[in-house]
Amino acid sequence: MSSGRIAHHRNYDEVLSRHERHLKMKRLMRILIYILITVVLVVIFLSFFLVRRLEQQKREPGNTTSSVVYNQGKN
Amino acid sequence: MSDDEIQQEFKILERSRRNPRAFGELYEKYFDRIFNFIYRQTDDEDLTADLCSQTFLIALKNLGRYEFRGVPFSAWLYKIASNEVNKHYRKAKQERVFSIEEVRVRELIEQGSDDWDEEIVQRLLQYLKSLPTDMLEVLELRFFEDKDFKEISFILDITESGAKMRTYRALDRLRKNFNLQIKYDGKE
């Protein structure tokens, strides 16, 4: 094939812009993955914390309110 | 390639890792060769342009992973191009095409034999069409792209002895059928 015809297909700017688009997508994916990991860790931490609170509340009986009535012999 | 040229290329690669625009120099240098290499295996101009663009894009994306392995940088480009062509044929489930330029075949014959005629050229072209793909690949790289066996083995991912064997077998057949002696120009 002649060099003239081949030169018609030469376009480094197009290759460069595709490469830059690819880099942007890669950065975006990385950010999304970091956000996802953070959300998952936060959910795990919160669940753990919540479960511990509930277990503590079950174990401590003094938390229930009760009233004691003293009968001072006023019958 | 001389040591100076290799050093020069290495410097361009280092710059390209920091600034992709610098890779344009290597793009301009090798575009024609890679284009022709792919065109010979597709015989389709638009497809070749796509695959060629894809080859340089992949090279650009993987520049960080490139390391010198005793073969020129161009061999890495040819390897990527070869893989892209193979990928295309696997996806398209089409039969492979090898487009051999008649003028290049004539040059080869003129090298190897003083008494040749048009009939021999045509017979040789027919004969080349009947060769298996793996032999044609090696012949194309050896005689049309002027690659040595080390580069051919790197590009096609075969052993150096495998590349030599395929070449010698094809040349042996040529010698027997056409009484052609293809000269090597010292590239081993």
Compute the label zone of B:Glu45 within the stretch A:1-36: residues whose backbone N is under 18 Å from the point 7 Å along Cα-to-Cβ. A:1-11
Which log10 I(q)/I(0) values does the stretch B:3-92 give at q = 0.15, 0.22 Å⁻¹ under the Debye formula, counting every alpha carbon as one identical point scatterer? -0.56, -1.09
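Taking R0 as 41 Å, what's the FRET efficiency between B:Asn177 and B:Lys61 from their Cβ-Cβ distance, rounded to 0.05? Spell out each step's value before the answer.
On the way: r = 45 Å, r/R0 = 1.10.
Given R0 = 41 Å and the Cβ-Cβ separation, E is 0.35.
For A:Ser17, what charge total do you get from the other residues with a beta carbon under 12 Å from its beta carbon, if Lys and Arg give +1 and Asp and Glu give -1? List each step's numbers first, then the result.
On the way: positive: A:Arg18, A:Arg21, A:Lys24, B:Arg21; negative: A:Asp13, A:Glu14, A:Glu20.
So the environment of A:Ser17 carries a net charge of +1.
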Lysines within cross-link reach of B:Lys164: Cα-Cα under 19 Å, excluding same-chain residues under 8 positions apart? B:Lys79, B:Lys147, B:Lys150, B:Lys176, B:Lys183, B:Lys187
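Before anything else, pin down the relative contact order of chain B: Cα pairs under 8 Å, at least 6 apart, normalised by residue count, whole percent.
Numbers: 151 pairs, mean separation 37.7, N = 188.
So the answer I get is 20 percent.
When you count, for each residue, the other Cβ atoms within 10 Å and take the mean per peptide, how do A:2-9, B:51-58 rank with the highest first?
Values: A:2-9: 11.9, B:51-58: 21.8.
Top to bottom by mean Cβ count within 10 Å: B:51-58, A:2-9.
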Tail weight of P(r) past 25 Å, computed on alpha-carbon pairs of the stretch B:1-154, percent: 37
Kirkwood Rh and Cα Rg combined as Rg/Rh, the stretch A:3-59: 1.60
Which order do peptides B:65-74, B:28-37 fall in by mean Cβ count within 10 Å, highest first? B:28-37, B:65-74
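All of the numbers you see were taken from the coordinates with simple rules; none came from a lab. Keep in mind that what you see is a predicted model, and the values were worked out from it rather than measured. Glycine also receives a Cβ, built like all others from the backbone with ideal geometry; neighbour counts cover every protein chain displayed.
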